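Inspection log for the structure reproduced underneath, given as C-alpha coordinates.
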Amino acid sequence: MRASTTTVLLATALSIGGVMAAPAYAAAAAVTPERVCGSGFARVPQSKQAVQTPGKRVLGHVYLLYNRRTGAACVTTIKTSNVGTPTFVMATITTQTRGPRSRASGENEGRSVKHYLGPVKTYGKGRCVKYMGTIHGKGRGAEAAKSAWKSWGACG
(Lines give C-alpha, C1' and ligand atoms only; values in the text may rest on other atoms or scores of the structure.)
Protein backbone atom coordinates (compact mmCIF):
# COMPACT_ATOMS: atom_id res chain seq x y z
CA MET A 1 0.00 0.00 0.00
CA ARG A 2 2.79 2.39 0.87
CA ALA A 3 4.64 1.89 -2.45
CA SER A 4 1.52 2.56 -4.52
CA THR A 5 0.75 5.74 -2.54
CA THR A 6 4.31 6.96 -3.14
CA THR A 7 3.98 6.18 -6.85
CA VAL A 8 0.69 8.09 -7.12
CA LEU A 9 2.13 11.08 -5.26
CA LEU A 10 5.25 11.12 -7.43
CA ALA A 11 3.23 10.88 -10.66
CA THR A 12 0.94 13.68 -9.49
CA ALA A 13 3.87 15.91 -8.58
CA LEU A 14 5.55 15.32 -11.92
CA SER A 15 2.39 15.98 -13.95
CA ILE A 16 1.62 19.17 -12.03
CA GLY A 17 5.17 20.35 -12.58
CA GLY A 18 4.90 19.64 -16.31
CA VAL A 19 7.87 17.28 -16.25
CA MET A 20 6.24 14.24 -17.83
CA ALA A 21 7.51 13.61 -21.35
CA ALA A 22 5.17 13.22 -24.30
CA PRO A 23 4.80 9.52 -25.13
CA ALA A 24 6.20 9.87 -28.68
CA TYR A 25 9.34 11.61 -27.49
CA ALA A 26 9.79 9.22 -24.58
CA ALA A 27 9.60 6.28 -26.99
CA ALA A 28 12.05 7.92 -29.38
CA ALA A 29 14.52 8.59 -26.56
CA ALA A 30 14.62 4.85 -25.85
CA VAL A 31 15.63 4.10 -29.46
CA THR A 32 19.34 3.50 -29.95
CA PRO A 33 21.12 2.06 -32.98
CA GLU A 34 22.22 -0.90 -30.82
CA ARG A 35 18.62 -1.68 -29.85
CA VAL A 36 17.45 -1.43 -33.46
CA CYS A 37 20.18 -3.74 -34.84
CA GLY A 38 20.09 -6.19 -31.94
CA SER A 39 22.39 -8.13 -29.68
CA GLY A 40 26.08 -8.22 -30.56
CA PHE A 41 26.05 -5.13 -32.81
CA ALA A 42 28.35 -2.21 -32.02
CA ARG A 43 28.74 1.14 -33.76
CA VAL A 44 31.53 1.45 -36.27
CA PRO A 45 33.74 4.41 -35.18
CA GLN A 46 32.91 7.70 -36.95
CA SER A 47 29.92 6.10 -38.68
CA LYS A 48 27.19 8.41 -37.37
CA GLN A 49 26.11 10.78 -40.16
CA ALA A 50 23.65 13.64 -40.12
CA VAL A 51 20.65 13.30 -42.43
CA GLN A 52 20.15 16.90 -43.53
CA THR A 53 18.25 19.00 -46.03
CA PRO A 54 20.06 21.04 -48.70
CA GLY A 55 19.58 23.99 -46.31
CA LYS A 56 21.55 22.03 -43.63
CA ARG A 57 18.54 21.31 -41.38
CA VAL A 58 19.18 17.98 -39.60
CA LEU A 59 16.15 15.66 -39.52
CA GLY A 60 17.96 12.67 -38.00
CA HIS A 61 21.04 10.45 -38.20
CA VAL A 62 22.08 7.26 -39.97
CA TYR A 63 24.31 4.73 -38.18
CA LEU A 64 26.47 1.79 -39.28
CA LEU A 65 26.95 -1.09 -36.85
CA TYR A 66 28.85 -4.36 -37.14
CA ASN A 67 28.59 -7.72 -35.39
CA ARG A 68 32.03 -9.34 -35.11
CA ARG A 69 30.60 -12.73 -34.21
CA THR A 70 28.26 -13.06 -37.21
CA GLY A 71 30.01 -10.77 -39.70
CA ALA A 72 26.77 -8.86 -40.30
CA ALA A 73 26.64 -5.11 -40.97
CA CYS A 74 23.55 -3.14 -40.00
CA VAL A 75 22.26 0.32 -40.88
CA THR A 76 19.48 2.27 -39.19
CA THR A 77 18.12 5.78 -39.76
CA ILE A 78 16.71 7.47 -36.64
CA LYS A 79 14.58 10.62 -36.80
CA THR A 80 15.18 13.65 -34.56
CA SER A 81 12.56 15.83 -36.26
CA ASN A 82 8.82 15.08 -36.67
CA VAL A 83 9.24 12.26 -34.13
CA GLY A 84 5.92 10.50 -33.60
CA THR A 85 4.57 11.69 -36.95
CA PRO A 86 4.77 9.23 -39.84
CA THR A 87 7.18 10.46 -42.54
CA PHE A 88 9.10 8.58 -45.23
CA VAL A 89 12.48 7.25 -44.02
CA MET A 90 15.01 5.08 -45.84
CA ALA A 91 18.20 3.20 -44.91
CA THR A 92 20.56 1.75 -47.53
CA ILE A 93 23.71 -0.36 -47.25
CA THR A 94 25.88 -1.65 -50.09
CA THR A 95 28.71 -4.16 -49.78
CA GLN A 96 31.64 -4.60 -52.13
CA THR A 97 33.72 -7.72 -52.50
CA ARG A 98 37.46 -7.41 -53.03
CA GLY A 99 39.54 -9.01 -55.72
CA PRO A 100 39.57 -9.30 -59.50
CA ARG A 101 35.84 -10.03 -59.64
CA SER A 102 34.83 -7.17 -57.38
CA ARG A 103 31.11 -6.50 -57.34
CA ALA A 104 28.62 -4.61 -55.22
CA SER A 105 25.30 -5.67 -53.80
CA GLY A 106 22.96 -3.81 -51.53
CA GLU A 107 19.97 -3.77 -49.28
CA ASN A 108 17.58 -0.92 -48.70
CA GLU A 109 14.29 -0.33 -47.03
CA GLY A 110 12.04 2.69 -47.08
CA ARG A 111 8.59 3.42 -45.71
CA SER A 112 6.62 5.83 -43.57
CA VAL A 113 7.62 5.52 -39.89
CA LYS A 114 7.18 7.47 -36.66
CA HIS A 115 10.63 7.04 -35.07
CA TYR A 116 13.22 5.03 -37.02
CA LEU A 117 13.82 2.66 -39.89
CA GLY A 118 15.81 -0.52 -39.64
CA PRO A 119 17.48 -2.76 -39.11
CA VAL A 120 18.75 -3.14 -42.65
CA LYS A 121 21.37 -5.88 -42.56
CA THR A 122 23.79 -7.53 -44.95
CA TYR A 123 26.76 -9.85 -44.64
CA GLY A 124 29.86 -7.68 -44.35
CA LYS A 125 32.77 -9.85 -43.23
CA GLY A 126 35.76 -9.29 -45.53
CA ARG A 127 33.82 -6.68 -47.49
CA CYS A 128 33.82 -2.91 -47.64
CA VAL A 129 30.53 -1.10 -47.16
CA LYS A 130 28.94 2.22 -47.93
CA TYR A 131 25.62 3.42 -46.62
CA MET A 132 23.21 6.34 -46.44
CA GLY A 133 19.93 7.48 -44.93
CA THR A 134 17.01 9.59 -46.15
CA ILE A 135 14.24 11.34 -44.21
CA HIS A 136 11.42 13.34 -45.76
CA GLY A 137 10.00 16.36 -43.98
CA LYS A 138 6.37 16.61 -42.93
CA GLY A 139 3.72 17.90 -45.34
CA ARG A 140 3.43 18.54 -49.04
CA GLY A 141 6.48 20.10 -50.60
CA ALA A 142 8.65 19.47 -47.53
CA GLU A 143 12.35 19.09 -48.21
CA ALA A 144 13.93 15.67 -48.24
CA ALA A 145 17.02 15.20 -46.10
CA LYS A 146 19.84 12.85 -47.09
CA SER A 147 23.13 11.80 -45.63
CA ALA A 148 26.12 11.68 -47.90
CA TRP A 149 27.12 8.28 -49.22
CA LYS A 150 29.90 7.21 -46.92
CA SER A 151 32.55 5.99 -49.36
CA TRP A 152 33.84 2.40 -49.34
CA GLY A 153 35.21 1.76 -45.90
CA ALA A 154 34.57 -0.08 -42.66
CA CYS A 155 36.05 -3.10 -44.40
CA GLY A 156 35.28 -6.12 -42.21
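Legend: residues TYR123, TYR66, TYR131, sorted from most to least accessible area (1.4 Å probe; ligands, DNA and RNA excluded), read TYR123, TYR66, TYR131. Eigen-decomposition of the gyration tensor built on the alpha-carbon atoms of segment 102-146 gives equivalent ellipsoid semi-axes of 28, 12, 8 angstrom, largest listed first.
Of the listed residues CYS128, CYS155, the order by accessible area with a 1.4 Å probe, largest first, is CYS155, CYS128. Full extension of the chain segment joining PHE88 with GLN46 gains 12.6 nm, where the gain is 0.36 nm per residue of separation less the Cα-Cα distance. When Rg and the Kirkwood radius Rh are both evaluated on Cα atoms of segment 31-86, their ratio Rg/Rh stands at 1.04.
The values are calculated or read from the model by the stated rules, or taken from the named source; none is laboratory data. These numbers were taken from a predicted model, which means no experiment stands behind them. These area figures cover heavy atoms from the full protein model, side chains too; ligands, DNA and RNA do not enter into them. Shrake-Rupley method; radii C 1.70, N 1.55, O 1.52, S 1.80 Å.
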